[in-house]
Each structure stands twice: as C-alpha cells, then as structure tokens.
Amino acid sequence: MVESAVLVLFAAMLVGGVIAGVPLLALLALGLLLFCAYAVYRGHGIREIARMVLQGPRTAIPVLGMFVLIGALTASWRASGTIPAITCWSVQMVNPRTLVIASFLLCAAMSMLTGSSFAAAATVGVICVAIAGAMRADMALVGGAVLSGSFVGDRCSPLSSTANLVATLTHTHVFDNVRRMIRIGAIPFALSCVVYVTLGVSSGGTGMAPSFRGSFAASFDLSWVTILPTLVVLTLSLARVNVTRTLLASLGCALAICTLVQHMPLEQIPNMLVFGYHSQNLAIARMVNGGGIASMIDIILIVAMASTYAGIFEGTGLLLGLTEFVNRVARGATPFASVLVTSIVTCAVACDQVVALMLTAQLCADTERGGSALALDLENSAAIIPAVIPWSTSCIGIIAFVGMPLTSVAFNCLCYLIPLWTLAVSVYQHRHPAFVHGRCGRLLGLDARDDARDDASG
C-alpha cells in the first residue's frame, strides 16, 4: 500500500511539474528525495541509502562519457563544414513530389550518422521544413517525416546515446543490438517509405526549393574532403570498431579539417568543443549553430540523476509489486506486450526518453530470458515511443526547434509502425516458438535468444 502511494505521488509530481513548467532535473531530484524517504521508512540507514544512490551512476559512467564525446563530435562536424556540405547535397534531391520521402530518408541518414534525433532535426530537419515552407507544402506531413527519420538513428545507430544506454542497461553489445534492430525494423521502414511516397505525391507543394550553397560557401570550404568525418564513422562502424574509438577517430578527422581546410585558429578549438559552434553568418546560424559538450550537460545530469533510482528500487524492493504485475502480463500475453505497456506508461509519466528507458528496463528485467531479447524490446518500445507523445522532451523539443506544427506527431509513421509490427511478430512467435529458428525469423534478426518457450516458467 505504501509502495503504491509512493509511486502514485511520484507520477503525480512528474505530471504536475511538467504542466507547471518545472525543469525535469528538479523533478527527478525531488523524486530521489521521495525514494530516499521511503528507504528510511523501510529501516535503511543513511550509509546504506548513500550506497544505493551511488550504485546506479557508477554503472552509467561509460554512457556519460559517450555523451561528452558525442557533444564534441557534433560541434566539430559543424565547424569542419561536414554538416553544411551534406545539407547542400541534400537540397539537390528535393522537388515538390519527393519532398516528404526525401525529408524522411535524409533525416534517417543524418540520424544514423550522428546517432541523435536532435542532431538530425537541427540540421537536415530544419532545412526540410524550410524547403516545405518555400514550396507551400503540407507542413504537418513534412514534420511527421522529419520526426520519423530523426528517430531512426536513436534506435539503431551505433553512435546513438540511446542505443549505448540500452546496451549498458541490458549488458549486451551495441553492434549486435544494432544488427538486430535494423533487421526487425526493415519492414516498418519500408512501409513508412510507401506511406510517405503516396502522401507526398498527393500533397506536394508547387514552389521551388531554395539554394543554400551560396550562404554556406561564404563561411565554409565545401569541397569533398569535408565528408571524410562521416566516412570514418561509416567505415569503422561497418568494421565493428569500438564505438569510443570510432567517435575519437571521426573527431580527430573533423578537427584536422577545421584547422587545415576551414582555417579555424587552434586557440578557438577548445571553446568550440565545449560550447559548440557559432557562425557569424546570420543567414546560416540557425542551421549550423550548436553542439558542444555543454549542450549535453542537461542529458548527462538527467541520466546521472535517474540512474540513482535503480539502486534504491533494487535495495528497497519498491518495484517488486509492479514487477510481478509486468511478469503476469508477460505470461498471459507476450514478453514484448508487457514491455510495450510498461514503456507507454513510463514514457507518458516520465516525459523523457532516458528516464523511460531506465524505468522500463528496471521493471521488465525478468520478462525476457536474456539481455539481448530485452534490448530488442526496449529499442522497439521505450526508445521511440517518446517521439509520439507530444509532451515528452524528445518530441516537443524537436517540434519547437524545427518549427513544425504539433499535428506532425500524427504523421510520425515509423514510430507507430515499429511497436505495432514488433507486437505482431511477438504474438506470432509466442504461438509458434520455433519461428525464431527458421529462415524468416533469422531474416528478422531473431535467434535462439528470443525463444519464448521457457518464459512461462521463468
């Protein structure tokens, strides 16, 4: 009874705080105080509670380090001309009939390269919406395509902080997870393309696409060498090089281009890496400004704060009741069904992708037989559901920055199709357990780790 009251109070505090505009970090800090008070109520001493609180952040240190590297990398790609060059190339692909599908594919490509929905939306997404305005196209439809494409990399890019967080939470290998994500997500991706091609042809605008090459060329050398940092990422990722080494190699390449090609003074590089790139050219500032380690501070603090919950939940048994409920759902339906329901609740209440992932992983730790199967479930639910919840930080942040209407959420096809497709596959797999060992199952990225035959007894 007390446990339920604590969780309801926490949920009410989150919802009320978000509505009132209280920063998420402050709400999480209040949540930590609430859970610490519950631990005291359960008879735990101050030292023991401190140990519980510190347990989670220790395990999150690799992910926090990844955030620092990603922040530096996104700034260096801006300063080196990599993102401006890609943007100029992207504009050449766009016409009124292909604008919607091009927006989806270009944002998907950028999100795979950067591993960040915000980075994709802040670069190619801004361009696509600007072009949509110039063409008098359907802004909600283009915005939905931008949202869908931007979250492709969040889910299955080896550079994604989300993918690396899931790998850490489930004790799995990020490249193995990515391979499985791409395979099971291939059909929803293809269906999304069909939808966007069909809708784009019927609702395309009539104007001409603007050209940004002149504006970018005034501030950057846009020669082919500027795309080398992306080629480094692609090559090393395909070679399954450690993610940290891949990031460092791309960062080094970008910094070399900054100094040798873009002629950035060496003394400006540390400031750029920490505080992000800031162009003096107002015509392109909104499209290229940003990045830097400082831009990741909020997410680093949020992850660090949210990670403290895991130790308290484990040490006090606060979530045992909910965990048993989730396991009953898994036994009565499918493991993914329980993860999906839990993800929807945590995403709606926590209003943040990272917090939802961590809470869902904690609640659903025993629904699957192994970490790899749980990683697949988390990436197909809690990693992308925030993109269709208008009040989540992941969704509303992109909408506000890019300038798309809120109704764009209705056209976020991929983030609806992936959970629905995975649910359908899980139901079929639950009824035909040998499916994971067959050819079709392997094509979808499934294997013996996803065999659900022992879940009912687990």
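The values are calculated or read from the model by the stated rules, or taken from the named source; none is laboratory data. Treat the numbers as computed from the prediction; the structure is a model and nothing was measured. All Cβ positions, glycine included, derive from the backbone under ideal geometry; neighbour counts span all protein chains shown. Ligands, DNA and RNA are excluded from the accessible area calculation, which covers all protein heavy atoms including side chains. Shrake-Rupley method; radii C 1.70, N 1.55, O 1.52, S 1.80 Å.
Once the 1.4 Å probe is applied to the protein heavy atoms, the chain comes out at 41 Å² accessible per residue.
On full extension, the segment bounded by R179 and R58 gains 40.8 nm, given 0.36 nm per residue less the C-alpha separation.
Relative contact order for the chain: 23 percent, from Cα pairs under 8 Å spaced at least 6 residues apart, divided by residue count.
Calculate the FRET efficiency for L9 and D298 from the Cβ-Cβ distance with a Förster distance of 22 Å, rounded to the nearest 0.05. Let's see the in-between values first.
Values: r = 25 Å, r/R0 = 1.12.
Computed FRET efficiency for L9 and D298: 0.35.
Largest accessible area first, the listed residues M272, M296 line up as M296, M272 when surface is computed with a 1.4 Å probe on the assembled protein chains. In the range 81-194 the Cα-Cα distances spread across 5 Å bins starting at 0 as 2, 13, 22, 22, 17, 12, 7, 3, 1, 0 percent of all pairs. Note on E48 and T98: with the Förster distance fixed at 45 Å, the Cβ-Cβ geometry gives a FRET efficiency of about 0.15. Here the label points at Q280 and V2, each 7 Å from Cα along the C-beta direction, are separated by 6.4 nm in the simple model. Multiplying the residue separation of T235 and T407 by 0.36 nm and subtracting their alpha-carbon distance yields 58.1 nm.
Pulled fully out, how much extra length does the chain show between I187 and V22, if you take 0.36 nm times their separation in residues and subtract their Cα-Cα distance? If you can, show how the numbers build up before the last one.
Details: separation 165, 0.36 × 165 = 59.40 nm, distance 3.96 nm.
That works out to 55.4 nm of additional length.
What the Cβ-Cβ distance of V197 and R439 gives, at R0 = 25 Å and to the nearest 0.05, is a FRET efficiency of 0.30.
Taking the convex hull of the alpha carbon positions in the chain and averaging its projected area over all directions gives 21.9 nm².
Helical content of the chain, expressed as a calculated mean residue ellipticity at 222 nm, amounts to -22000 deg cm²/dmol (DSSP H runs of 4 or more residues, -39,500 (n - 2.57) each, divided by residue number, nearest 500). Computed over the range 87-205, relative contact order equals 36 percent, with contacts defined as Cα pairs under 8 Å that lie 6+ residues apart.
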